[in-house]
1. With the condition kept exactly as written, say whether any residue in the stretch 33-47 is assigned to a helix (DSSP H, G or I), touching a Pro at 6+ places or on another chain (Cβ under 9 Å), open to solvent by 20 Å² or more (accessible area, probe 1.4 Å) and not aromatic (Phe, Trp, Tyr).
2. Out of (1) assigned to a loop (DSSP other than H, G, I, E, B); (2) surrounded by 15 or more Cβ atoms within 10 Å (Cβ to Cβ), the odd one out for residue 132 is which?
3. Report yes if residue 70 is part of a helix (DSSP H, G or I) and hydrophobic (A, V, I, L, M, F, W, C), otherwise no.
4. Can you find even one residue in the stretch 55-63 that is under 20 Å from residue 97 (Cα atoms), among the polar types (S, T, N, Q) and outside any strand (DSSP E or B)?
5. When the residues of the stretch 73-113 are filtered to those that are in a strand (DSSP E or B) and either modelled with pLDDT of 90 or more or closer than 14 Å to residue 19 by Cβ (or both), which remaining residue is most open to solvent (accessible area, probe 1.4 Å)?
6. Search the stretch 150-184 for residues being of a type in the set (A, V, I, L, M, F, W, C) and within 18 Å of the chain's Cα centre (by Cα), and hand back the single one that is nearest to residue 129 (Cα to Cα).
7. Identify, please: which residue in the stretch 180-200 is touching a strand residue (DSSP E or B) at 6+ places or on another chain (Cβ under 7 Å) and of a type outside the set (Val, Ile, Thr) and is, among those, most open to solvent (accessible area, probe 1.4 Å)?
8. Condition first: open to solvent by 30 Å² or more (accessible area, probe 1.4 Å), among the hydroxyl-bearing types (Ser, Thr, Tyr) and either in a helix (DSSP H, G or I) or within 16 Å of residue 204 (Cβ to Cβ) (or both). Now tell me which residues in the stretch 143-179 satisfy that.
Amino acid sequence: IFVHYQPIIDAGTGVTVAVEALARWSDPLHGHVPPDVFIPIAEMSGLINAIGRQVLMAACQAMRHTNLDLAINLSPAQFWDGGLLDDVRTALEETGFPPERLELEITESLMLRHPQRAVEVVNSLRALGIRIALDDFGTGIASIGYLQQFQLDRLKIDKTFIAPIEHDAKAREMLVSITGLARACNLEICAEGIETDGQARLARMAGCG
């Protein structure tokens with residue numbers, strides 16, 4: 001298991017301001033194993049927390065001497081693990097990574113399982129000084145009310161809303177609506193999966209930062 005870093009670019013300046021740390025697996029026998037294959041296996045086998053700690057520690061260590069912010073996904077198993085808070089605190093203390101530059105990403109499904117408990121976990125993490133982002137927005141079934149109930153810092157728009165915007169007017173209108181909702185909730189916005197100049201231009205026009 002190693003860490004791959006995906007750039008997060010400021011739409012206004014074109015400058016890379018952060019990276020997202022992603023777990024990847026290259027096996028001598030099977031070659032590159034996609035995360036949508038090995039992550040579910042890791043969750044079912046109980047290894048996901050160990051992988052999560054490894055990624056968190058390695059990414060904080062690698063990025064601490066840069067000026068880049070760091071985003072890391074939390075799986076549901078990690079989020080509900082009672083040791084998450086201690087794991088994050090330990091990684092920050094041992095690597096010296098500034099907490100204000102760390103952003104942990106959660107998904108809508110976490111909000112639906114045990115909303116009040118999820119709020120408590122989010123608040124405990126934010127008390128460390130880190131930020132929380134809602135990942136893959138629009139792919140789940142969480143209500144808009146959850147955006148107000150949870151103390152979130154950023155909304156990440158799923159790439160399925162970005163892919164068609166160059167040729168689909170309705171997709172562009174949907175993107176504008178999502179960015180408007182995020183701004184109404186005082187959330188920063190990140191559009192995932194931008195691969196062309198046209199997508200970047202339209203996302204910027206829609207209000208993505």
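The values are calculated or read from the model by the stated rules, or taken from the named source; none is laboratory data. Treat the numbers as computed from the prediction; the structure is a model and nothing was measured. Here the Cβ is made from the backbone with ideal geometry for all residues, glycine too, and neighbour counts use every protein chain on show. In case anyone asks, the SASA skips ligands and DNA or RNA and just uses the protein heavy atoms, side chains included. Shrake-Rupley method; radii C 1.70, N 1.55, O 1.52, S 1.80 Å.
1. yes
2. So residue 132 meets the others, but not (1).
3. No: the conditions fail for residue 70.
4. So in the stretch 55-63, the residues under 20 Å from residue 97 (Cα atoms) come out as 55-63.
Then keep just the ones that are among the polar types (S, T, N, Q); that gives 61.
This time we only want the ones that are outside any strand (DSSP E or B), so: 61.
Looking for residues that are under 20 Å from residue 97 (Cα atoms), among the polar types (S, T, N, Q) and outside any strand (DSSP E or B), one finds at least one in the stretch 55-63, hence yes.
5. Across the stretch 73-113, the extreme among qualifying residues is 73.
6. Residues of the stretch 150-184 of a type in the set (A, V, I, L, M, F, W, C): 150, 152, 155, 157, 161-163, 165, 169, 171, 174-176, 178, 181-182, 184.
Pick out the ones that are also within 18 Å of the chain's Cα centre (by Cα) and you get 150, 152, 155, 157, 161-162, 178, 182.
Working: 150: 16, 152: 13, 155: 18, 157: 24, 161: 31, 162: 31, 178: 27, 182: 22 Å.
Looking at the filtered set, the residue picked out is 152.
7. Here is the first cut: in the stretch 180-200, the ones touching a strand residue (DSSP E or B) at 6+ places or on another chain (Cβ under 7 Å) are 182, 187-192.
This time we only want the ones that are of a type outside the set (Val, Ile, Thr), so: 182, 187-188, 190-192.
On the way: 182: 0, 187: 10, 188: 95, 190: 19, 191: 22, 192: 29 Å².
Filtering the stretch 180-200 for residues that are touching a strand residue (DSSP E or B) at 6+ places or on another chain (Cβ under 7 Å) and of a type outside the set (Val, Ile, Thr), the one most open to solvent (accessible area, probe 1.4 Å) comes out as 188.
8. Passing the criteria: 146, 160, 177.
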